[in-house]
Amino acid sequence: MDLKIQKSGKKQASKISVADNVFAAEFNEPLIHQVLISYMAGSRSGTKAHKSRSEVRGGGRKPWRQKGTGRARAGTIRSPLWRGGGVTFAAKPRDYSKKINKKMYKGAMRSIFSELVRQERFVCIDEFNVDDSKTKSVKDKLSKLGLKEVLIITEALTENLYLGARNIPKVDVMDTNEIDPYSLIGFEKVLITQAAVEKVEEWLS
């Protein structure tokens, strides 16, 4: 299939031929859902931790005798019922990650890219460079393209582009090595350079 490549200057738009299996694949919703769940689960830190009654300091002695005091029986001051006691179902550090093999991951990415193309949310441009690190430079360039909420993907992320775009709401930038399924579906449009398209095609073919 052919993708339309917009020109950053006053030149006329052109077309580039890309592989159908990468940018015209069938939409596989169950696979995309599975990969998204795996990606988000792997992003969880899993470092939350509480102390159970056996881990809280103190409580070795019975606070008062079993009978005759008129109070409820108690075996330790570190019971979950007591202030300063342990937690009943104490959370422990755990790994939330779910395994997804490379074949499934690439299949989901092909399906996402293809659906972006079908929905006309995939915008290709010959290059996207800015001369300085000012936010205004990036906003003006996006304004000329008619884009507001957009993910910008380049082959190699420059410092000027990163600094210029980081303060713009609903705009993010990344290079081809950082592409993830969550970011691709989270923006209204995906703006990608021609060099990045070729790299993605090589990666997913």
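The values are calculated or read from the model by the stated rules, or taken from the named source; none is laboratory data. Everything numeric in this text was worked out from a predicted model, so none of it was measured. Using ideal geometry, Cβ is built from the backbone for each residue, glycine included, and neighbour counts are taken over all protein chains shown.
Return yes or no: is Glu115 among the acidic types (Asp, Glu) and assigned by TED's automatic domain parsing to the domain that holds Ile16?
On the way: among the acidic types (Asp, Glu): yes; assigned by TED's automatic domain parsing to the domain that holds Ile16: yes.
Answer is yes for this residue.
Just to be sure I understand the filter: pairs with C-beta atoms under 9 Å, separated by 6 or more residues or on different chains, first member in the range 82-100 and within 23 Å of Lys62 (Cα to Cα), second member surrounded by fewer than 14 Cβ atoms within 10 Å (Cβ to Cβ) and hydroxyl-bearing (Ser, Thr, Tyr). Which pairs pass?
Gly86/Ser54
Would you check if Asp131 is in contact with a helix residue (DSSP H, G or I) (Cβ under 8 Å, 6 or more places away or on another chain), free of Cβ contacts under 8 Å to residues at least 40 places away in the same chain, surrounded by fewer than 17 Cβ atoms within 10 Å (Cβ to Cβ) and more than 29 Å from Pro30 (Cβ to Cβ)? Talk me through it step by step, then tell me what you get.
On the way: in contact with a helix residue (DSSP H, G or I) (Cβ under 8 Å, 6 or more places away or on another chain): yes; free of Cβ contacts under 8 Å to residues at least 40 places away in the same chain: yes; surrounded by fewer than 17 Cβ atoms within 10 Å (Cβ to Cβ): yes; more than 29 Å from Pro30 (Cβ to Cβ): yes.
Considered against the rule, which asks whether it is in contact with a helix residue (DSSP H, G or I) (Cβ under 8 Å, 6 or more places away or on another chain), free of Cβ contacts under 8 Å to residues at least 40 places away in the same chain, surrounded by fewer than 17 Cβ atoms within 10 Å (Cβ to Cβ) and more than 29 Å from Pro30 (Cβ to Cβ), Asp131 comes out as yes.
Can you tell me which residue in the range 15-28 is surrounded by the most Cβ atoms within 10 Å (Cβ to Cβ), limited to those that are in contact (Cβ under 8 Å) with a residue 24 or more places away in the chain and of a type outside the set (A, V, I, L, M)? Break it down into steps so the answer makes sense when it comes.
Step one: filter the range 15-28 for residues in contact (Cβ under 8 Å) with a residue 24 or more places away in the chain, giving 16, 18-19, 21-28.
Add one more test, that the residue is of a type outside the set (A, V, I, L, M), and what stays is 21, 23, 26-28.
Details: Asn21: 13, Phe23: 21, Glu26: 9, Phe27: 11, Asn28: 18.
If we take residues in the range 15-28 being in contact (Cβ under 8 Å) with a residue 24 or more places away in the chain and of a type outside the set (A, V, I, L, M), then Phe23 is surrounded by the most Cβ atoms within 10 Å (Cβ to Cβ).
As an exercise: evaluate Leu191 against (1) crowded, with 17+ Cβ neighbours inside 10 Å; (2) touching an Asp or Glu at 6+ places or on another chain (Cβ under 9 Å) and give the number of the one condition it does not meet.
(2)
Can you confirm whether the range 115-126 contains a residue that is acidic (Asp, Glu), in a loop (DSSP other than H, G, I, E, B) and over 20 Å from Asp175 (Cβ atoms)?
Let us first name the residues in the range 115-126 that are acidic (Asp, Glu), namely 115, 120, 126.
Going one step further and asking which of them are in a loop (DSSP other than H, G, I, E, B), we end up with 120, 126.
Checking which are over 20 Å from Asp175 (Cβ atoms) leaves us with 120.
For the range 115-126, residues acidic (Asp, Glu), in a loop (DSSP other than H, G, I, E, B) and over 20 Å from Asp175 (Cβ atoms): present.
Give me the pairs, please: first residue somewhere in the range 53-80 and more than 28 Å from Lys92 (Cα to Cα), second residue anywhere and polar (S, T, N, Q) and surrounded by fewer than 10 Cβ atoms within 10 Å (Cβ to Cβ), beta-carbon distance under 6 Å, and either six or more positions apart or on two chains.
As it stands, the answer is Arg73/Gln66, since those pairs meet every condition given.
Just a yes or no: is a residue in the range 168-177 aliphatic (A, V, I, L, M), more than 27 Å from Ile37 (Cβ to Cβ), exposed (fewer than 15 other Cβ atoms within 10 Å of the Cβ) and in the same structural domain as Ser8 (by TED's automatic domain parsing)? Steps first, please.
Within the range 168-177, the subset aliphatic (A, V, I, L, M) is 168, 171, 173-174.
Subset that is more than 27 Å from Ile37 (Cβ to Cβ): 168.
Among the residues that remain, those that are also exposed (fewer than 15 other Cβ atoms within 10 Å of the Cβ) are: none.
Checking the range 168-177: not a single residue is aliphatic (A, V, I, L, M), more than 27 Å from Ile37 (Cβ to Cβ), exposed (fewer than 15 other Cβ atoms within 10 Å of the Cβ) and in the same structural domain as Ser8 (by TED's automatic domain parsing).
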